[in-house]
1. Find the accessible area per residue for the stretch 384-455; the probe is 1.4 Å, ligands and nucleic acids are left out, and the unit is Å².
2. Determine which lysines satisfy two conditions relative to Lys376: a Cα distance under 29 Å, and not lying fewer than 8 residues away in the same chain.
3. Applying 1/(1 + (r/R0)^6) with R0 = 25 Å to the Cβ-Cβ distance of Gln415 and Ala381, what FRET efficiency is obtained, to the nearest 0.05?
4. Can you list the lysines whose alpha carbon sits under 16 Å from that of Lys309, skipping same-chain ones fewer than 8 residues off?
5. Please give the peptides 418-430, 156-168, 256-268 ranked by average Cβ packing (other Cβ atoms within 10 Å per residue), highest first, as a rough proxy for protection.
6. May I ask you to compute the full-extension gain from Leu446 to Ala213, defined as 0.36 nm times their residue separation minus their alpha-carbon distance, rounded to one decimal in nm?
7. Check the straight Cα-Cα distances from Lys418 and name the lysines below 20 Å, setting aside those fewer than 8 residues away within the same chain.
8. Testing the spin-label approximation: label points 7 Å from Cα along Cα→Cβ at Asp191 and Asn293. State their distance in nm.
Amino acid sequence: MALTDYDPRQSANRAMSKARDSFRRFSDGFTPGQKAVTLAAIVGFVAVVAIFASVSGTPTYSPLFTNLTAQDAAAITAKLGASGVPYQLSDGGAAILVPAPDVNKERLAMAAAGLPSSGSGAGLSLLDKEGITTSNFTQQADYQRAIQDEIETTIDSIQGIEGTKVEIVLPSASAFALGNAQTPSASVLVDLSPGASLTSGEVQAIMHLTASAVPNLTPANVTVVDSAGTLLSATTAGAQATMSAANGYDASLEASLTSMLDQILGPGKAEVQVTATLSSATTKTTSHYLELNNAGAPVATPSSSNTTKTTYIGTGAVPGGVLGTNTVATGTGNSNYAKTTIDNSYATGEATTTTSQPPGAVSHLSVSVVVSALPKHTTLASLRAAVAAAAGIQPGRGDTLAVVSMPFSNSQAAQAAKAAKAAAAAKARAALDQLLKIAAVAVAILFALLVIWRRSRARREPAPVAALPEPPPMPLSTTSTAQLPAITVERPPDGTIEANPDEAARVLRSWLTESRESRVS
């Protein structure tokens, strides 16, 4: 064939024909079941790849701003739409989400536009408008408004708070306000989301956050109220700690008394309730008393001693006579006079003791014990004495103890047992239903596999050869078998189809293939 006779289209057609014939021969080697399984696997693989590509191609959204007002949300979404930035709304429109890579860039863009602008003003940006002619009063008012707005924006970021209003009272900063002892104070009004509530820890966080933003402001001077008018800051840190300590003390004492009564009466035969009142402030006790010795007498210690001694020796008249206005000396002789005076001062021993009691001391204790039945050789008096000793009851402190015996109601226990039984039955039914579902799926899969296997096996097995008709029975002969002629079975010649069926099939397939190729070419 000459080079000019080469046709690229005819060559391409022949190549495609050969590839198609190769694929057909390859597919003919599979059974229908194998073809179905292979096709299902290919379809599943394509579906998984498509889902993965769709998920991986979807951008991940992150919050741009949360707890926004309707005005701020509208302004921000309008600016995002004008910039062509995709966004999503959540939390009822109070939160705006944008693709994660664009979060920082869009926050800077919104800050440049003054968004969000929730609050009483624009925060510390109010001070940018101050001029050199602004009065001190105006500067102080703007500074206070700016601080309030910054605190409001910070509190609004807490989960569950939709809006905040902060009012700060600052003392006068005048240099002529002598002796001004006024301290700053603040009030915080929070608008909670429907169904939301603040824990005591969150309320204390708001109080400390507000106090930290204002000089000389303490958390005790911050009042937090919700939109329903409920005072949230009434429970201070000290009171909250005292309440937690009281609850822990009650639970610990109840568990201790219940364990003791279970050993005496048996499990579940006694119900114990403890209510303790703990002090919430530090108390100081000062005691002043006399020191006593071992005999019980006050201890006396000399504090000072003064000794005076007077002597007189001489001759002549000895002073004497009748007492009166004028004393006349009478008598004669020598004089020898001596006098010693000792003056001792004693101080009684005294002692002063000051005791400081931290918060959390038990100021009152109330214990109630109810028993269902008393065992033999056990009385209420003995049980009361045991409980009083174990609980540390002090009658002088005003503690109360009640121990009574009465039968318990079994309705609650019966309902609990019934509920537990119903829950166990429901759990068993759910487990059985799940097991039945799994078994049904397994049976369906096994049945499908069995059908596919049987069909593939039926296609692989050769068709059964029709049975040849049996020859008619030979007539019985009375002659001897030795006289019957011998029957000879002729074998087909070696070159026939009956002798080599596999070789004949191979030759036919080669002929068919050559015929197809010739037609295509």
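The values are calculated or read from the model by the stated rules, or taken from the named source; none is laboratory data. Owing to the predicted nature of the structure, the values given are computational and were not obtained by experimental measurement. Reconstructed Cβ throughout: ideal geometry from the backbone, glycine too, with neighbour counts over all protein chains shown. With ligands, DNA and RNA removed, areas are computed over all heavy atoms of the protein, side chains included. Shrake-Rupley method; radii C 1.70, N 1.55, O 1.52, S 1.80 Å.
1. Dividing the accessible area of the stretch 384-455 by its residue count gives 77 Å².
2. Lys269
3. 0.10
4. Output for Lys309: Lys339.
5. Those peptides, ordered most packed to least, come out 156-168, 256-268, 418-430.
6. 76.7 nm
7. Lys427
8. 8.2 nm
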